[in-house]
Amino acid sequence: MTDARPEEQDGRAGAEEAPARGRGRPRSEQADQAILSATLMMVAEHGVTATTIEGIAAAAGVGKTTVYRRWQSKNDLIVAAVSMMAPRGDPPDTGSLAGDLKALADLQRERLAGTGLLTVAPRVLAESMNDPELHQGFLDGVIRPLRRLIHVMVERGVERGELRPDLEVEELVDLLHALPIYLILTSRGDPNSIAPIPDAYLPLLLPGIRSPSG
């Protein structure tokens, strides 16, 4: 049995946890952001496996103990960093599904511009295929929050009579969630790639999902 840090063990980076945190000084928001930004930079440059807590700490200008006070493992830290991609707050409510999707796309484009998240997150998802813990963290921190918002938007459309009452909600959420992922991947992370969804793509779906009385 070894007590080496996760970054010092080949093939198991991020799998072990740091020692339990003790009581200390309050967390610094500035340090948190520096660590998260350094994490995104390191993953973008080196990938998940080659990213180390030591490298992140050096890039953020903090000690490894500062990182471990905040996150127990490398996986926890990477998930926290890419989870910043998830929308914040309640979904927009414009009175129509197309309007809601456009408002959400506009908010996300503005919020994520310049962060690098749209290029880093797909890389983390791909590399998590061999790491169940990281994959689960990505699903919980990135995928499910966005699905919840889209689900609310679709349900509202049904409730106000815009969409069919017998609509298969989860299947529509699958389509509306998969489309921005595809566009982001094929554009290499261009935040503007999601802009056409409400105007160019949603009308193709509307004949099959619109309420006859809507």
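A compact table of results
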| read-out | value |
| --- | --- |
| Protection proxy ranking, peptides 117-123, 175-181, average beta carbon neighbours within 10 Å, highest first | 117-123, 175-181 |
| Added length on full extension, which subtracts the Cα-Cα distance from 0.36 nm per residue, Ala58 to Arg123 | 21.2 nm |
| Taking the convex hull of Cα positions in region 88-140, its mean projected area over all directions (nm²) | 4.6 |
| Accessible area per residue in Å² at 1.4 Å probe, computed on the chain | 54 |
| Charge dipole (debye, nearest 20) of region 48-128; +1 at Cβ of Lys and Arg, -1 at Cβ of Asp and Glu | 320 |
| Distance (nanometres) between label positions extended 7 Å along Cα→Cβ at Ser211 and His46 | 5.5 |
| Linear extension gain, Gln33 paired with Arg111, 0.36 nm per residue minus alpha-carbon span | 26.6 nm |
| Charge-dipole axis of region 81-214 as Lys and Arg at +1 and Asp and Glu at -1 on Cβ define it, positive-most pick from Leu167, Ser83, Ser211 | Ser83 |
| Estimated inter-spin distance, Thr65 and Glu170, nm [label 7 Å along Cα→Cβ] | 4.9 |
| Dimensions in Å of region 147-214 - Rg and Dmax from alpha carbons | 12.8, 40 |
| Fraction of accessible area attributable to carbon and sulfur, region 74-124 (%, probe 1.4 Å) | 53 |
| Kirkwood-based shape ratio for the chain, expressed as Rg/Rh from alpha carbons | 1.06 |
| Loop trypsin sites (Lys or Arg not before Pro), region 73-115 (other Cβ atoms within 10 Å of the site Cβ: 13 or fewer; DSSP) | Arg88 |
| Mean separation of Cα contacts under 8 Å, 6 or more apart, over the residue count of region 38-121: relative contact order % | 31 |
| GNM result for the chain, Cα springs below 10 Å: residue of Leu183, Leu163, Leu204 fluctuating most strongly | Leu204 |
| Angle in degrees between helix 144-159 and the longest Cα principal axis of the chain, rounded to the nearest 10 | 20 |
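The values are calculated or read from the model by the stated rules, or taken from the named source; none is laboratory data. Just so it is clear, the model here is predicted, and its values are computed rather than measured. Counting neighbours? That spans all protein chains shown, and the Cβs are built from the backbone with ideal geometry, glycine included. For accessibility, only protein heavy atoms count, side chains too; no ligands or nucleic acids. Shrake-Rupley method; radii C 1.70, N 1.55, O 1.52, S 1.80 Å.
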